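Read the structure below first, then the notes.
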Amino acid sequence: MSQPTDGLPPLRAVIAAHGLAAKKSLGQNFILDLNLTRRIAREARVAGANVYEVGPGPGGLTRSLLAEGAARVIAVERDARAIPALEDIAAFFSGRLEIIEGDALAIDEADTLAARGVTLPVPVVANLPFNVGTALLIKWLAAESWPPWWSSLTLMFQKEVAQRICAKPGSAAYGRLSVLAQWRTRPRILFDVSSRAFVPPPKVTSAVLRIEPLPVPVCEATLSDLEAVTAAGFGQRRKMLRGSLKTLTPHADELLEAAGIEGTRRPEELDLAQFCALARAYAAMRKD
Ligand code: SAM
């Protein structure tokens, strides 16, 4: 299929001109196919929106967000080599792109966006670097105020991670990430992306995931208690909970009894309501 033209040079030429040879240490796998980046931008429903992007790199997805009508894109990129290439895009789209050179893990997004006069919440769109993708997602899921500063997350992940985020109880992929994500968001996989779509191609298939925040969590618990019980439970996922929860408390049997869960159950059998019950029982136990 022919590439959509946006008036800027082809991405291969941008990469060559700016010496953007992909660095593994920065999780760089670039998408040069503007049909694919356009599709991601359309799925993210960015027309008229102020968008937060992580890791624009040479700017394929960034260009598509702007071409699909994003009012403004605020993009955080760690690789200083990419900044001049992104400045060319900013000049072309006359002030609709703002580039922040920095580490997305260290940024306070709500403050950074508000300081630029952006009204929250905003859609987040990113072809995430594989090495920090999960950490970024956990950071965004752990937003202090809820509903959070973001209105949706449209993210490229390794397919296997995307499946873990969406997995249901009883499945092999169900784990800590599934519980934390589904507790207060609705995640779904939009489509798979072959490794051939990237330069260089990663070893695994990827998937684009859309995550929307729920107005309130599915069940009552605090995030830190939920994190504690899921980390302990899934930390030794083959063990029965009466064994694995001992890393959390010497009184694992009492904890399970208070939550109404049999100690012989394994973590992948528990649904969200049961994890919340465990989290609440853990909170109550610490108060005693
Ligand atoms: N968006 C581009 C695309 O789709 O072709 C590049 C995607 S590449 C998978 C990930 C990008 O994230 C790279 O440009 C990399 O330099 C950047 N990156 C890696 N770690 C980062 C971090 N901690 N904060 C911000 N950007 C980061």
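Bear in mind these aren't lab numbers, they're just calculated from the coordinates by the rules spelled out. In this text, all values refer to a predicted model and were calculated from it rather than measured experimentally. As a convention, Cβ positions derive from the backbone with ideal geometry for all residues, glycine included, and neighbour counts pool all protein chains shown.
Multiplying the residue separation of ALA106 and GLU212 by 0.36 nm and removing their Cα-Cα distance gives an extension gain of 35.9 nm.
Using Cα springs under 10 Å in a Gaussian network model of the chain, which residue among ALA207, ALA172, ALA67 shows the largest mean-square fluctuation? Evaluated over the chain, the most mobile residue of the options is ALA172.
Pairs of Cα atoms nearer than 8 Å and 6+ residues apart set the relative contact order; for the chain it is 14 percent. Spin-label model, ARG186/THR205: points 7 Å from Cα along the beta carbon direction are separated by 2.5 nm.
Lysines within cross-link reach of LYS239: Cα-Cα under 30 Å, excluding same-chain residues under 8 positions apart? Counting by Cα, and skipping residues close in sequence, LYS239 has these lysines nearby: LYS139, LYS159, LYS168, LYS287. Using only Cα atoms, locate the centre of the stretch 50-100 and the centre of the stretch 243-285, then give the distance between them in Å, rounded to an integer. Measuring centre to centre over Cα atoms gives 46 Å. Mean residue ellipticity at 222 nm, helices only, the chain: -10500 deg cm²/dmol; runs of at least 4 DSSP H residues each add -39,500 (n - 2.57), and the sum is divided by the number of residues. Going 7 Å from the Cα of TRP146 in the Cα-to-Cβ direction, what parts of the stretch 95-121 have a backbone nitrogen less than 11 Å from that spot? Within reach of a label on TRP146, which here means backbone N under 11 Å from a point 7 Å along Cα→Cβ, the stretch 95-121 contributes nothing. Relative to the 2.2 N^0.38 Å rule of thumb, the stretch 11-213 has a C-alpha radius of gyration ratio of 0.96.
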